[in-house]
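Trainee: Pasting a structure here, questions to come.
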Amino acid sequence: MANSEIETRSSRWRKAMVGPLPNDFLRINSGVDAQVAADCQAAAAVYQQQAYPQYVVSKDIQFLFDYFAFIRLYIFFCFFLNVFLCLKAPNYVGRLSITCAQAKLARNYGITRMDPYVRIRVGHFVYETQTDPNGGKHPHWNREIQSQLAAGVNSIFIEIYDECSFKMDELIAWCEIKIPQSVMRGETHEEWYPLSGKQGDGLEGAIDIVLSFSNQPMQPYMYQTMGGGAPMLMVPPGRPMPIFVTPQQPPVTNTVMPPAPRQLSEEELKQIHEMFPNIDKEVVKSVFEANNGNKDATINSLLQMNE
């Protein structure tokens, strides 16, 4: 009998709840308590929704910091790389002198006049001559250009452009000139080189080029430019020696006004227009004014336009 009472008592203790009790212990669940619990859960959810965007913004800001740090490192890397490449001495073999004397072109591509100039490319260097105003088919430049000649460069490229006022300059002719071995040995070489263009390969005329070479390194020199302005220091890429550019004051001369061109009379206009019926009268007047009232030169220009 005593044993059964002990077992019953021990089994009851096993069923007893030991430890922290829940908040609803010995309470009757009601609708108010359930509503309060639901409100607590809703408030916790709203709090989490409000806190989550702040976390996202902070991550975005950290990403921007990392991005700008990478950009700074990239800029520093490019800067030091360019400094290294500029300080590295290029492999030049000497100085090449190129003289553009004149050209004989096959056709005048301008409406009333053509103002040619020459663009020369030697390796990575590009040079231009002055423009010959109204040079037409027989421009003269007489311009000498000196350029450093890099190892492996054995040819130069010549392009002749017509300088235009209201549109892009028009490419008239071009050619590639192989540097003769006699020039590399120190001799001066002059030759008329055929030009290619719209007329065909070697059919656009010819250009007179004089070449000479010196194995002495090119020294810094004063490059004269027309017009005013502050002095500029130009350092071409890959070139260790700077070119100092200083302005040259234009000479003061007594300006003499040219005489006014003779006006084209109606009879002369009618006579010339009968010779060229497919050309507008306004074009005939413009050509006449461009030739300073010279009737014969006007007729020759119109003949070239009709070719």
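The values are calculated or read from the model by the stated rules, or taken from the named source; none is laboratory data. All figures in this text were calculated on a predicted structure; none of them were measured in a lab. Cβ atoms come from the backbone with ideal geometry, glycine included; neighbour counts cover every protein chain shown.
Trainee: How many of the residues making up the stretch 116-166 are closer than 17 Å to residue 192 by Cα and of a type in the set (A, V, I, L, M)?
Mentor: Residues meeting the conditions: 5.
Trainee: Out of 167, 198, I need the residue that is closer than 21 Å to residue 286 by Cα, surrounded by fewer than 15 Cβ atoms within 10 Å (Cβ to Cβ) and among the charged types (D, E, K, R). Which one?
Mentor: On the way: 198 fails: closer than 21 Å to residue 286 by Cα.
Answer to the check: 167.
Trainee: Also: Are there strands (runs of 3 or more DSSP E) fully within the stretch 117-180 with at least 3 residues that are touching a Lys or Arg at 6+ places or on another chain (Cβ under 8 Å) and modelled with pLDDT of 95 or more? List them. It would help to see each step written out before you state the result.
Mentor: Numbers: elements: 125-128, 140-150, 155-162, 170-178.
Strands (runs of 3 or more DSSP E) meeting the threshold: 155-162.
Trainee: I've got another one for you. Out of 81, 64, report the one residue that is under 26 Å from the mean Cα position of the chain (by Cα) and either at pLDDT 75 or above or of a type in the set (A, V, I, L, M) (or both). I'd like the intermediate steps shown before the answer.
Mentor: Details: 64 fails: under 26 Å from the mean Cα position of the chain (by Cα).
Selected residue: 81, the only one of 81, 64 that is under 26 Å from the mean Cα position of the chain (by Cα) and either at pLDDT 75 or above or of a type in the set (A, V, I, L, M) (or both).
Trainee: When you scan the stretch 261-269, do you find a residue that is among the basic types (Lys, Arg), over 25 Å from residue 118 (Cα atoms), in a loop (DSSP other than H, G, I, E, B) and modelled with pLDDT under 80, even just one?
Mentor: In the first step, residues of the stretch 261-269 are kept if they are among the basic types (Lys, Arg); the result is 262.
Filter again for over 25 Å from residue 118 (Cα atoms), leaving 262.
Okay, now just the ones that are also in a loop (DSSP other than H, G, I, E, B), so 262.
Within this subset, residues satisfying the condition of being modelled with pLDDT under 80 are 262.
Looking for residues that are among the basic types (Lys, Arg), over 25 Å from residue 118 (Cα atoms), in a loop (DSSP other than H, G, I, E, B) and modelled with pLDDT under 80, one finds at least one in the stretch 261-269, hence yes.
Trainee: Can you run down the residue pairs with Cβ atoms below 6 Å, 6 or more apart or on separate chains, where the first is in the stretch 98-112 and in the same structural domain as residue 138 (by TED's automatic domain parsing) and assigned to a strand (DSSP E or B) and the partner is of a type in the set (Asp, Glu) and modelled with pLDDT of 90 or more?
Mentor: 99/144; 101/208; 102/208
Trainee: To continue, here is another question. I need a count of the residues in the stretch 266-280 that are within 16 Å of residue 293 (Cβ to Cβ) and in contact (Cβ under 8 Å) with a residue 12 or more places away in the chain.
Mentor: Pass one, the stretch 266-280, residues within 16 Å of residue 293 (Cβ to Cβ): 266-269, 271-272.
From what's left, in contact (Cβ under 8 Å) with a residue 12 or more places away in the chain: 268-269, 272.
Qualifying residue count for the region: 3.
Trainee: Please indicate, with yes or no, whether at least one residue in the stretch 136-158 is of a type in the set (D, E, K, R) and surrounded by 14 or more Cβ atoms within 10 Å (Cβ to Cβ).
Mentor: So in the stretch 136-158, the residues of a type in the set (D, E, K, R) come out as 137, 143-144.
Going one step further and asking which of them are surrounded by 14 or more Cβ atoms within 10 Å (Cβ to Cβ), we end up with 137, 143.
For the stretch 136-158, residues of a type in the set (D, E, K, R) and surrounded by 14 or more Cβ atoms within 10 Å (Cβ to Cβ): present.
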